[in-house]
1. In what sequence, highest mean first, do 68-81, 176-189 appear when ranked by Cβ atoms within 10 angstrom?
2. Output the Cα-based Rg and Dmax of the stretch 258-396 in Å, rounding Rg to one decimal and Dmax to a whole number.
3. Where does the stretch 97-222 land on Rg(C-alpha)/(2.2 N^0.38 Å)?
4. Sort 45, 89 so that the residue with the fewest other Cβ atoms within 10 Å of its own Cβ comes first and the one with the most comes last.
5. I need the phi-derived Karplus couplings for the stretch 59-73: 6.51 cos²θ - 1.76 cosθ + 1.60, θ = phi - 60°, integer Hz, Gly and Pro marked x.
6. If packing is taken as the average number of other Cβ atoms within 10 Å across a peptide's residues, how do 135-147, 238-250, 214-226 rank, most packed first?
7. Could you list 231, 258 in order of exposure, starting from the residue whose Cβ has the fewest other Cβ atoms within 10 Å?
8. Report the local net charge at residue 44: Lys and Arg +1, Asp and Glu -1, summed over other residues whose C-beta lies under 15 Å from its C-beta.
Amino acid sequence: MTVSNKKQIVSRKDLAINGALPAFVEPLHVGRPNIGNRDAFLQRINDILDRGWLTNNGPVVQEFEQRVADYHSVKNCVAMCNGTVALEIAIRSLGLSGEVIVPSFTFIATAHALHWQAINPVFADIDSETHTLDPVAVEKMITSRTTGIIGVHLWGRPCAVEELQLLADKYNLKLMFDAAHAFGCMYKGTSIGAFGDCEVLSFHATKFFNTFEGGAVLTNDDELADTMRLMRNFGFIGMDKVIHPGTNGKMTEFAAAMGLVNLDSIDDVIQANIRNYQLYQEELSALPGIRLISYDKLERNNYQYIVMEVGDGCPVSRDQIINALHAENIRARRYFWPGCHNMSPYSDLYPHAGLLLTNTQLVADRIVVLPTGATINAEVIKIIFSVIRVLIEDVQ
């Protein structure tokens, strides 16, 4: 039986649960937005409109920054219009140049934020278990042109922050973290945001905590925070005085209002994520060659991603599973396939980078990210499990 024929075996009739057919009329996406109390949000919007202060570091943005900083136990939160601009401003504020070491197994924005500023992203391999930068691989990529390291706290699981800091200190490098997945997470009892020179958050609509679109930089370095505040507003200090090069990276009052309302309900969303993770774990544990990545139960985590690895013991491939789920309108995703080094322009600039990225390729070929969030319930999870189970049973 061919792969294409196997796909067609998975039908809604096969997947009937308790006599009810799954009916995902609208696609079931991985990053469905979580939305807090609508009445509270609309009240904040009315207040903003009545005040007539829509942007330019208004009172809602200032309140939002303080609450996010407090939530992460850091001194400074500098809110931005999106996570990519936050990365770019953080990179520029640190004075990075030449080469900066990053993982290839990350969202393309991590590399683009460097390349956009004429800095060469140098891809180092990841640890196949943690999916984050391997410090041994990082050290091998350090040259006389290296000025910094950007670690990525993937899936909300922190990097090897201590080992990376030791490398940064040893070679006099700047160290920052892309913490787009790690809002509210901890490492050894310390909140994300306190590590390296700074850490960058994303509040895109697909994140479990969102401001429609937005981002921020967290840091305990007051001088660095002041520099980034200048840079996000064209370098203005006062009405008519510019003292630093800058751009327009400001967060609007409306985005901050969404963030504040979502922050009020964040504990409920995290509890829903934990519940979903446990349900997926129960269902998928019986399937051969499939496992969910694990989280340290002693550390706070947001559980915003359901990350499934399809190993050699599974009788079907990762892409067969993806295709079967898509056939049922379940938009599971391949994160972060095929790796930044295989995307333009980096595949042309560094055509042989993959030779040093064995674990990156291995992990990229195995990962499936499944839907979760406050709108996902046990019945939906059972349907998703059934799609995978039926596919596997058809080839056993």
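Here, each number is a calculation from the coordinates, and none is a lab measurement. From a predicted model like this one, the values you see are computed outputs, not experimental measurements. Cβ: placed from backbone, ideal geometry, glycine included. Neighbour counts: every protein chain shown.
1. Working: 68-81: 21.3, 176-189: 22.9.
Result, highest mean first: 176-189, 68-81.
2. 17.0, 50
3. On the way: Rg = 13.7 Å, N = 126, 2.2 N^0.38 = 13.8 Å.
Rounded to two decimals, the normalised Rg is 0.99.
4. On the way: 45 16, 89 26.
By the 10 Å Cβ count, ascending, the order reads 45, 89.
5. x, 6, 4, 5, 5, 4, 4, 5, 5, 5, 4, 5, 4, 9, 6
6. On the way: 135-147: 16.3, 238-250: 12.5, 214-226: 21.5.
The packing order, highest mean first, is 214-226, 135-147, 238-250.
7. Working: 231 22, 258 27.
So the residues, fewest neighbours to most, are 231, 258.
8. On the way: positive: 38, 51, 67; negative: 39, 47, 50, 63, 253, 264.
It works out to a net charge of -3.
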